[in-house]
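Novice: The following block contains the structure, expressed as structure tokens.
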């Protein structure tokens, strides 16, 4: 039996890959300043439990992710966003 023919059937036919290039939400919307008082925008970057989503999930740049983290923490401190919750969204 030919080895190439045997290997042909071991690989899956349809390999679905994730998109390689994620684009930054803030660069697409041309948002230069992330305001901590705009909790509707900040809520998009939290999961159901109130945790901040990482860069690899959201696709934001490093600089914008740092600013987003600071804005979310300030928003939590003044009481607009909860620190933790069971049912957030």
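Quick note: the coordinates plus some simple rules give every number you see, no bench work behind them. Not measured: the values here are computed from a predicted model. Glycine gets a Cβ as well: all are built from the backbone with ideal geometry, and neighbour counts include every protein chain shown.
Novice: Neighbour counts of other C-beta atoms within 10 Å: give me 34, 70 arranged from fewest to most. Could the numbers behind the result be given before it?
Specialist: Values: 34 20, 70 12.
Listed from fewest to most nearby Cβ atoms, that is 70, 34.
Novice: Can I ask one more? With a 10 Å Cβ neighbour count serving as the proxy for reagent exposure, in which order, fewest first, do 72, 52, 31 appear? Don't skip to the end; give the middle numbers.
Specialist: Values: 72 22, 52 17, 31 14.
By the 10 Å Cβ count, ascending, the order reads 31, 52, 72.
Novice: Fewest to most neighbouring Cβ within 10 Å: what's the order for 80, 46? Please list the in-between numbers first.
Specialist: Values: 80 16, 46 19.
In increasing order of surrounding Cβ atoms, one gets 80, 46.
Novice: Another question, if that's okay. Which of rounded, prolate, oblate describes the range 38-89, given a ≥ b ≥ c as roots of the alpha-carbon gyration tensor eigenvalues and a/c under 1.5 marking rounded, otherwise prolate only if a/b is larger than b/c?
Specialist: oblate
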